[in-house]
1. Within the stretch B:153-168, work out how many residues are in a loop (DSSP other than H, G, I, E, B) and either over 16 Å from the mean Cα position of the chain (by Cα) or more than 9 Å from chain A (Cβ to nearest Cβ) (or both).
2. Name the residue that is nearest to residue A:46 (Cα to Cα), counting only residues in the stretch B:1-10 that are within 18 Å of the chain's Cα centre (by Cα) and facing chain A (nearest Cβ under 7 Å).
3. For the stretch A:10-24, how many residues are in contact with a helix residue (DSSP H, G or I) (Cβ under 6 Å, 6 or more places away or on another chain) and either surrounded by fewer than 15 Cβ atoms within 10 Å (Cβ to Cβ) or more than 7 Å from chain B (Cβ to nearest Cβ) (or both)?
4. Residues of the stretch B:55-87 being surrounded by 20 or more Cβ atoms within 10 Å (Cβ to Cβ) and farther than 24 Å from residue B:20 by Cβ, which ones?
5. Suppose we filter the stretch B:11-56 for residues that are more than 15 Å from the chain's Cα centre (by Cα) and either assigned to a loop (DSSP other than H, G, I, E, B) or farther than 22 Å from residue A:27 by Cβ (or both); how many remain?
6. Could you count how many residues in the stretch B:63-93 are outside any helix (DSSP H, G or I) and under 22 Å from residue B:14 (Cβ atoms)?
7. Could you count how many residues in the stretch B:54-73 are more than 11 Å from every other protein chain (Cβ to nearest Cβ) and closer than 20 Å to residue A:43 by Cβ?
8. Before we move on, is residue B:174 more than 8 Å from chain A (Cβ to nearest Cβ), surrounded by fewer than 18 Cβ atoms within 10 Å (Cβ to Cβ) and within 16 Å of residue A:6 (Cβ to Cβ)?
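Throughout, read-outs are computed from the coordinates displayed, never taken from laboratory work. Since this is a predicted model, take the numbers as computed values, not measurements. Note that each Cβ is placed from the backbone with ideal geometry, even for glycine, and that neighbours are counted across all protein chains shown.
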């Protein structure tokens, strides 16, 4: 375990062992002292003469103990990123499907002048589509992984809908 | 096999701290306290003030943890908080940061800490710190040669285990074991000193 901790400090521990080791460190005061002392030794060997009092950490811990515990919203935590990364391709696929559908509707509207009743229906549908498309695309512009976040794509889709 | 990088490890400790684990945050403080204090020597001269502002910066970082989302490395984020804390501190006293020119060479690097210490340590902590430095150096000198070479290549030259293995013509597993044994030996010599300074526990 100690040798693993030493490798961890050097960035040489396999990533899959990292979680278990850090959990062990948190549960074991002796490993925490090793973490503390080995970092001190490392910094000292790098010619970094210590500036702080040697008991800085002890006094900091006393102060930290008086602090209310912070808990970040789960959405901010790292695990969440994994979920986001997993969802990104699906959201791209959904965007492709949606824009294709809008494009196809616009195309059909342009080449097949519909009957009066149908025309009115399409026009009102187009009205809804326009605002929905704008809102949808606006919402998706914050997603950097989305190829349809480009404003040009939005303009084309918008003009297309208007040209009917 | 993919290795856990320094950034991965920091991110994991941050995630644990964000989930309410103060000890995870203390591990980060323990790791970065000297780098932050050193950074602050560019802005503040008085050793007591450096100590106070360093502590304050870490407390501010702890309170701001919910806003850290990992876009930058933890140290980069911490660095900004420390600089801001120091500037706010100086502003509250009506002072301006004044020292940077004295402590940076032409490349903007800070000068060797050895040149700075008399200004930046309190007499009592300076005595302990000098003892720490001399104890570490003596412990390294006393190491068997293969341990000394391994820990030196790692800590002072920053080589990877793979490079050290090549330089020392031995397997990577041997490098790992030598560096670990070197750390154990050096820290072993240091322990009595640290125990006497911190009385019972380190933290």
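1. The qualifying residues number 3.
2. B:6
3. 1
4. Passing the criteria: only B:86.
5. 14
6. 6
7. 1
8. yes
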